[in-house]
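The values are calculated or read from the model by the stated rules, or taken from the named source; none is laboratory data. Quick caveat: nothing in here was measured; it's all calculated off a predicted structure. Here the Cβ positions follow ideal geometry from the backbone for every residue, glycine too, while neighbour counts run over all protein chains shown.
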Amino acid sequence: MKRPLIRAWRRRILTSLTAASACFAQTVPLTWQQIKNKFEAANPTLQAGKDSIAESRAAEVTAFLRPNPTATATLDQFSIFKPQLSPSGSGDSVYRPLANIFPYLAVSYLHERQHKRELRLESAKKTTEVTASGVQDLERGLIFNLRAAFVNALQAKAVLVNAKENLAYWDRELGISRTRLQAGDMAQLDLDRMELQRVQFESDYENAVVNLRTSKVQLLLLLNDRTQIDKFDIDGPFDFSEALAPLDEFRNQALAARPDLQAAKQTVDLARTNHTLAIANGTADPTFSFDIARNPPIPAYFGFSVSIPVRIFDKNQGEKERTRLDIGRSQRLVEAATSQVFGDVDSAYWTLIQAVNLLKPYKSRYLPLSAQVRDRVSFAYQHGGASLLDFLDAEKSYRDTRLAYLNLIGSYLTAAAQMNMAAGREVLQ
């Protein structure tokens, strides 16, 4: 009696462990927003860019430092040798080396005129703004790469599902054909040709599996994630939207949000500030000094002095000219960046229009039509009204049409990611 009970308990324990391991092995698919959040938190290239912003902010502290005062302490007029006896022979002389010592203490401070410190701080802050916009532009490009990899993975999943459905459909057709062969309603040669056709479906399935795993590898690389491929999955809508906003709306959004354009505009302000700072650096700064000393027989005295460099030659005129020219150069770069924005938006927009124009007839007409033709030819073939060649052609036409439709959706989603990159924000989901 004990052995059956022990075996029953063993079976229960093994069943529980198997169920627990199966639940543990199940992976929760990640959405686009979750993928993006992981990317922003873990991508090393993006984190390095954000560190450069912190470095630029640290430079602001250095730019606003005040000059330190200078302190000078002097002890002079030590008596080294013992004085000689007087000719009158009045007695021994007393050796006092500190009797005529001359102590001197002075403090000096350089005063910066023309708001040099404030201008240096303003220049450092604007440099930080340009750096931050550059990091945003870096993130814009990386997000596009991430979105493209995400779309490729979604497309690979859709193609894999389509390959599974095609393989399952063909297996059902093979089952019907085997039944017909046993009933004497079909020739062995036709069945063999259908069996050989299954190789194409198996090849499509295996290629889809490899493409999906490769897409996941690229996505994990961008996420800096070492998760096993079998435990990593994504999920999201794999479809298109027929409604698109006007082109001018996308242009206006890009002009307001593109970080590279903002960086170009901020560079103009930075160049103006640097030009003002160059002019200020050309001015002379006075040095104020205060000193106190003792010079026997005077018990103590103090003094005050001001030293100003005589600016006969302007050694900063080259920097003034350079910063002035840099303003014009930066303004031309703003014009170039604006033209680039319009070009990127227009290119992405017309790519979207082309994809939508192709997807509409595929969805409304060609996909249903190819499925109807396949089913009708299959029915006719099973009842002797169509040849095997007609049936194979109808099946190939359906498979090619379905695959072309999925590839077009992938092209649309990639173009949507390109539009988001061109606009500088997610204007299309």
key: segment 239-270, residues that are under 26 Å from residue 355 (Cβ atoms) and basic (Lys, Arg)   = 251, 258
key: Candidates 355, 371, filtered to the one that is under 26 Å from residue 417 (Cα atoms), of a type outside the set (Val, Ile, Thr) and either touching a residue at least 24 places away in the same chain (Cβ under 8 Å) or part of a helix (DSSP H, G or I) (or both)   = 355
request  = For segment 290-304, state whether one or more residues are of a type in the set (A, V, I, L, M, F, W, C) and under 19 Å from residue 130 (Cβ atoms).
outcome  = no
note = Counted residues in segment 171-195 being farther than 15 Å from residue 380 by Cβ and in contact (Cβ under 8 Å) with a residue 24 or more places away in the chain come to 4
query = Which of the residues belonging to segment 31-57 are in contact (Cβ under 8 Å) with a residue 24 or more places away in the chain, over 30 Å from residue 126 (Cβ atoms) and within 14 Å of the chain's Cα centre (by Cα)?
reply = 35, 38, 42
inquiry  = If the requirement is being among the aromatic types (Phe, Trp, Tyr), part of a helix (DSSP H, G or I), without any contact (Cβ under 8 Å) to a residue 24 or more places away in the chain and surrounded by 16 or more Cβ atoms within 10 Å (Cβ to Cβ), which of these qualifies: 398, 381, 405?
reply    = 381
query = For segment 183-242, which residues satisfy the criterion of being part of a helix (DSSP H, G or I), closer than 24 Å to residue 140 by Cα and of a type in the set (A, V, I, L, M, F, W, C)?
reply = 217, 219, 220, 221, 222, 223
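Given the criteria touching a helix residue (DSSP H, G or I) at 6+ places or on another chain (Cβ under 9 Å) and basic (Lys, Arg), does residue 360 qualify? Can you show your working first?
Values: touching a helix residue (DSSP H, G or I) at 6+ places or on another chain (Cβ under 9 Å): no; basic (Lys, Arg): yes.
The answer is no for residue 360.
Residue-wise test of (1) of a type outside the set (Ser, Thr, Tyr); (2) surrounded by 11 or more Cβ atoms within 10 Å (Cβ to Cβ); (3) closer than 15 Å to residue 235 by Cα.
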position	(1), (2), (3)
29	yes, yes, yes
41	yes, yes, no
47	yes, yes, no
59	yes, yes, no
65	yes, no, no
remark   = Given (1) outside any strand (DSSP E or B); (2) free of Cβ contacts under 8 Å to residues at least 24 places away in the same chain; (3) not hydrophobic (A, V, I, L, M, F, W, C), residue 272 misses just (2)
task = Give the number of residues within segment 39-67 that are assigned to a helix (DSSP H, G or I), touching a Lys or Arg at 6+ places or on another chain (Cβ under 7 Å) and not aliphatic (A, V, I, L, M).
result = 1
ask   = Can you find even one residue in segment 319-326 that is under 30 Å from residue 423 (Cα atoms), in a helix (DSSP H, G or I) and out of contact with any Asp or Glu (no Cβ under 9 Å at 6 or more places or on another chain)?
value = yes
message = Pairs please, first residue from segment 237-249 and farther than 10 Å from residue 428 by Cβ and touching a residue at least 40 places away in the same chain (Cβ under 8 Å), second anywhere and part of a helix (DSSP H, G or I) and among the small types (Gly, Ala, Ser), Cβ atoms under 6 Å, 6+ apart in sequence or on different chains.
response = 238/158
remark   = Being out of contact with any Lys or Arg (no Cβ under 7 Å at 6 or more places or on another chain), at pLDDT below 95, surrounded by fewer than 11 Cβ atoms within 10 Å (Cβ to Cβ) and under 30 Å from residue 39 (Cβ atoms) narrows 256, 243 down to just 243
ask   = Given the residues 249, 202, which is the only one that is over 24 Å from the mean Cα position of the chain (by Cα) and under 22 Å from residue 147 (Cβ atoms)?
value = 249
request  = Check residue 215 against each of (1) closer than 22 Å to residue 162 by Cα; (2) small (Gly, Ala, Ser); (3) more than 29 Å from the chain's Cα centre (by Cα) and name the one condition it does not meet.
outcome  = (3)
message = Residues that are of a type outside the set (A, V, I, L, M, F, W, C), closer than 30 Å to residue 341 by Cβ and modelled with pLDDT of 90 or more: does segment 278-297 have at least one?
response = no
request  = Could you please find all residues in segment 232-241 being under 25 Å from the mean Cα position of the chain (by Cα) and not β-branched (Val, Ile, Thr)?
outcome  = 232, 233, 235, 236, 237, 238
